[in-house]
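Accompanying notes for the structure given below.
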Amino acid sequence: MTTTSSPRKSAGTPETLLLRTSPQGGHRPEQSFWSKVVGAFAMFRNGKSITGLAILGFFVLVAIFADLIAPYSPTKVNNAARLQPPSAAHWLGTTHIGEDVLSQVIYGTRGVIVVGFLAAIIATLIAITVGVIAGYLSGWKSEALSALTNVFLVIPGLPLIIIVASMFEDPPLVIIAAVLGITGWAWGARVLRAQTMSLRNRDFIQAARANGEPLSRIITVEMLPNLMALIAASFVGTVTAAILGLTTLSYIGVIPVTTYNWGTILNWASAQGAFGQNQWWWYMPPGLCIAAIGVALSLINFGIDEYVNPRLRSAGERARAMKKKGLDVNDAVTAVRTDLKNSGND
């Protein structure tokens, strides 16, 4: 804001002031829905999230282009190359009947990614629908949805998957993902319900309600962009749980071995005694892939948590600023402790 004085017309006329408001100090235009969504995804701009997304993107590309990347068919039998260690012809060795382990790992990535993401999409959609509506509404409707969430919290997922899998001779991945998604949405719904109950009393929600905005627009335009961090964290957690559930069920034999994924490779290796005979090239690659995708999803989750938690975000920004200046955070802490110790001795 700038202040200027007008010229005096006469000696007795008081000086008047002209107030000019700068554009920066004016009222900010209301953000559009898409600008809110883009701003909500700023959680993925830190180093942890970017690293996790890069690793996860690598596995997604492997799953998409498995037919082009795999050097052999995963079921191709070569009796002349049984239980061979890694070589130029077979980078990750072969199985007890000469199958290429690298090709099996590559094709197994597709099943893991499909089940993990499909189960997470199903669980996240249910969690958003139930959690946000239960948090925005009040009375018996909210209590009924909350009771439904509590019921699904105590439903054991493993026995249900065993029962469903026993109904099919070769259960498709869609059915497995659906069961994992239906049994894994309750925790996300509870978190979204609690946050929605906090948002519904905010000024911008009350203003939208006073303007007569419909419920669908209030939820989708006003609330969901503010819940994007929690939704993303719930999605990542569900992907992790679905992948671990799939590989565990495949390893213990609940899911038929004809369904390719990393768990079935471990199942075959265990059944043929690869662990006891130190045939590490058979069981170590799928185990490392499970660990790598777990690390990737954990890094994404840590990045989201750093964005959501103000203390973690400020600490991370301070640490990055010190690194740019060539300073070490630990050295600064040590120096402060040394100064305090010296002052105490004095």
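Looking at this structure, is Met284 open to solvent by 10 Å² or more (accessible area, probe 1.4 Å), free of Cβ contacts under 8 Å to residues at least 12 places away in the same chain and aliphatic (A, V, I, L, M)? I'd like the intermediate steps shown before the answer.
Details: open to solvent by 10 Å² or more (accessible area, probe 1.4 Å): yes; free of Cβ contacts under 8 Å to residues at least 12 places away in the same chain: yes; aliphatic (A, V, I, L, M): yes.
So Met284 passes the test.
Does Leu224 fit the bill of being open to solvent by 60 Å² or more (accessible area, probe 1.4 Å), within 27 Å of Ile50 (Cα to Cα), modelled with pLDDT of 85 or more and in a helix (DSSP H, G or I)? Don't jump to the end; show me each part of the working.
Details: open to solvent by 60 Å² or more (accessible area, probe 1.4 Å): no; within 27 Å of Ile50 (Cα to Cα): yes; modelled with pLDDT of 85 or more: yes; in a helix (DSSP H, G or I): yes.
Criteria not met by Leu224.
What pairs come up if the first residue lies in the range 222-234 and is more than 23 Å from Leu118 (Cβ to Cβ), the second is aliphatic (A, V, I, L, M), and their beta carbons are under 7 Å apart, counting only those six or more places apart or on different chains? Note: pairs meeting the criteria are Glu222/Ile205; Glu222/Ala208; Met223/Val132; Met223/Leu199; Pro225/Val37; Pro225/Ala40; Asn226/Leu199. Those helices (runs of 4 or more DSSP H) of the range 117-210 in which 3 or more residues are farther than 30 Å from Thr264 by Cβ and open to solvent by 50 Å² or more (accessible area, probe 1.4 Å) occupy 140-153, 186-199, 203-210.
Could you tell me which residue of the range 293-316 is modelled with the lowest pLDDT, considering only residues that are within 17 Å of Met228 (Cβ to Cβ) and polar (S, T, N, Q)? The selected residue is Asn309. Residues that are open to solvent by 30 Å² or more (accessible area, probe 1.4 Å) and of a type outside the set (S, T, N, Q) were ranked within the range 253-265; the one that is nearest to the chain's Cα centre (by Cα) is Tyr260. Checking the condition of a type in the set (Ser, Thr, Tyr) and more than 29 Å from Ser49 (Cα to Cα), which residue from Thr238, Thr259 passes? Going through Thr238, Thr259 in turn, just one is of a type in the set (Ser, Thr, Tyr) and more than 29 Å from Ser49 (Cα to Cα): Thr259. Note on the range 27-61: residues that are at pLDDT 70 or above, open to solvent by 40 Å² or more (accessible area, probe 1.4 Å) and among the aromatic types (Phe, Trp, Tyr) total 2.
Applying the criterion of being within 17 Å of Gly263 (Cβ to Cβ) and in a loop (DSSP other than H, G, I, E, B) to the residues of the range 93-111, the residue that is least open to solvent (accessible area, probe 1.4 Å) is Thr95. In the set (1) of a type in the set (Gly, Ala, Ser); (2) free of Cβ contacts under 8 Å to residues at least 24 places away in the same chain; (3) open to solvent by less than 20 Å² (accessible area, probe 1.4 Å), Ala271 fails one condition alone, (3).
I'd like the full set of residues that are polar (S, T, N, Q) and at pLDDT 90 or above, limited to the range 184-221. So that I can check it myself, show each step before the final result.
Of the range 184-221, the ones polar (S, T, N, Q) are 195-196, 198, 201, 206, 211, 216, 220.
Across the range 184-221, the qualifying residues are Gln195, Thr196.
For the range 237-268, residues that are free of Cβ contacts under 8 Å to residues at least 24 places away in the same chain and in a loop (DSSP other than H, G, I, E, B) total 3.
Condition first: open to solvent by less than 60 Å² (accessible area, probe 1.4 Å) and either in contact with a strand residue (DSSP E or B) (Cβ under 9 Å, 6 or more places away or on another chain) or on the phi > 0 side of the Ramachandran plot (or both). Now tell me which residues in the range 62-77 satisfy that.
Result: Ala70, Ser73, Pro74.
What residue, of Ile243, Ile293, Ile265, Ile252, is more than 30 Å from Arg200 (Cα to Cα), touching a Pro at 6+ places or on another chain (Cβ under 7 Å) and among the β-branched types (Val, Ile, Thr)? Exactly one of Ile243, Ile293, Ile265, Ile252 is more than 30 Å from Arg200 (Cα to Cα), touching a Pro at 6+ places or on another chain (Cβ under 7 Å) and among the β-branched types (Val, Ile, Thr), namely Ile265.
The values are calculated or read from the model by the stated rules, or taken from the named source; none is laboratory data. The shown structure was predicted, so the numbers you read here are calculated from the model rather than taken from an experiment. Note that each Cβ is placed from the backbone with ideal geometry, even for glycine, and that neighbours are counted across all protein chains shown. Just so you know, the surface numbers come from the protein's heavy atoms only, side chains and all, with ligands and any DNA or RNA stripped out. Shrake-Rupley method; radii C 1.70, N 1.55, O 1.52, S 1.80 Å.
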